[in-house]
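Read-outs throughout are calculated quantities, based only on the coordinates presented, and are distinct from any laboratory measurement. What you see is a predicted model, and the numbers here were worked out from it, not measured in a lab. Every residue, glycine among them, receives a Cβ derived from its backbone with ideal geometry; neighbour counts consider all protein chains shown.
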């Protein structure tokens, strides 16, 4: 089974996580919302599949390039 | 009688050449679900428009003459949507379409005719690279790759490449010299194959990781469109060509305006968020401004905080450079900078007016950007913008901050600067400015005062009063305003043909 990492695209903090482990998602679904540069920036699913491990929690500071969660395709 | 014999020989030689690498190899390819080099020509070109050049060419080496019909690269001329084009279709079943002395002559001829006669050049790529043993040793050096303008690109006419299999050597080089590159999933493009690379660096390399579609669509940015099948790749080339003139000395073709293109302005207000901290997908707004269903996005998976699309307004081609707040809040990273510059160069070279749609908090600053030469990329972009001679219109939708204000056509960098009443102009966020001026939060009192002073009025009216925005418009009137203004600015060169000062700029950045 292929795994796709959901990688953080920008420095900021995790404001909301909108899915939980085991949820089925489609490519481009909103998985979480980050707060950065005073904006609410969505994290979109890079691929369709099932959410595996979620590696961050709401309120966490995150950096560009950091893995946020894993999608099992 | 003598004539009959000669004509029979012609027919027999023709049949042999058309058989390409033989039934077995062709059947194997069919079973894999891919078109062969001649089927690709059929799918690409208008019916019965093909005229071949070099059908009887073969390798110059006597021992493989019989095994090299067309010498592995099929060349000629045809038509797409009634307009002439020049094509090279690589026949992988013939010695892996490897580059040889004779097929190099063929490519050169097709390329020269395309340039002289003002036709797009289309390369259907799939090739293994330089032919062995032709290329080996000093003699190989002396007879292959001896064309000093083989890699000269000066954009007299548009070039498109399809990557439709293993692409190494010439398919890779022509892909990178092209204005438009489409890749079929499963194809690969790299300097050398995974096998050669593995042997050279003594490390197991997976070809897909080395040069597969994801790598090029998301990381290298060398590919403009990704498709699932050969047929879709050829359709994609036809679609791209529909926005382009046949050569640099004419305006792009005009089309009828599709029904339902007008009167959609109200929907813009429904998409545009009413608070500045909310984001939206700018593509939904572009779609309402340009002719219905006319938008063709390039590099959609690369540098996503800038969206580059060819489209039509009032039936005529435009190139749209738009910030997309949906990704990185619209902050422009290095990939987005490279993508914007390449797109500006392409549009200016082929007489396609530019529309900038602005909503950006500025360039994405940080260690990663500086390591990747962000300041140089920003200046490349500015230099390109300064050399553009096609009409440029900039529309400030929301934020326009920092140096990015100029890169997105602000100041005197466009022929017209329009703004919506939602425009928000500034240099940097007030709290950031206050931190800088007060010594990074060390003195809270000083910081608070600074922040207050710096939160100056960033509304659009200051820009309009000083006539830096030429006008402020109701978002619902955007399309109609753009139709009128492009009509006015297209007049400058009479025929809508620019000066192409960027025509010799690189095809990749």
Open item on the list: Given a Förster distance of 56 Å, report the FRET efficiency between residue B:443 and residue B:141 from their Cβ-Cβ distance, rounded to the nearest 0.05.
Closed with: 0.20
Open item on the list: Under a crude label model (7 Å from the Cα following the beta-carbon direction), how far is residue B:13 from residue A:23 in nanometres?
Closed with: 6.9 nm
Open item on the list: Starting from 0.36 nm per residue, how many nanometres of slack lie between residue B:495 and residue B:117 once their C-alpha separation is accounted for?
Closed with: 134.2 nm
- [ ] Quantify how strongly other chains surround peptide B:327-334 by giving the mean number of their Cβ atoms within 10 Å of each of its Cβ atoms.
- [x] 5
TODO: Could you work out how far the C-alpha centroid of the stretch A:34-48 sits from that of the stretch B:218-277, in angstrom?
DONE: 25 Å
Task: Which of B:447, B:243 has the fewest Cβ neighbours within 10 Å, and the rest in rising order - done: B:447, B:243
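Using DSSP, restrict attention to beta bridges with both residues in the protein assembly as shown and report what percent are antiparallel, rounded to the nearest 5.
Values: 45 of 85 bridges.
Percent antiparallel among DSSP bridges in the protein assembly as shown is about 55.
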Task: Rough spin-label spacing in nm, given labels placed 7 Å along Cα→Cβ, for residue B:63 and residue B:51 - done: 3.9 nm
Open item on the list: What FRET efficiency comes out for residue B:154 versus residue B:204 if R0 is 45 angstrom and r is the Cβ-Cβ distance? Round to the nearest 0.05.
Closed with: 0.65
TODO: Calculate the spin-label point distance for residue B:24 paired with residue B:477, positioning each point 7 Å from the Cα along the beta-carbon direction, and give it in nanometres.
DONE: 7.3 nm
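Note the full-extension length gain between residue B:368 and residue B:284 as 0.36 nm times their separation in residues minus their Cα-Cα distance, in nm to one decimal. Can you show the working numbers first?
Details: separation 84, 0.36 × 84 = 30.24 nm, distance 3.02 nm.
So the chain would gain 27.2 nm between residue B:368 and residue B:284.
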Open item on the list: With 10 angstrom as the radius, rank B:489, B:219 by how many other C-beta atoms surround their C-beta, starting from the fewest.
Closed with: B:219, B:489
Open item on the list: For peptide A:33-40, what's the mean number of Cβ atoms from other chains within 10 Å of each residue's Cβ?
Closed with: 6
- [ ] Can you put B:122, A:33, A:41 in order of Cβ neighbours within 10 angstrom, beginning with the fewest?
- [x] A:33, A:41, B:122
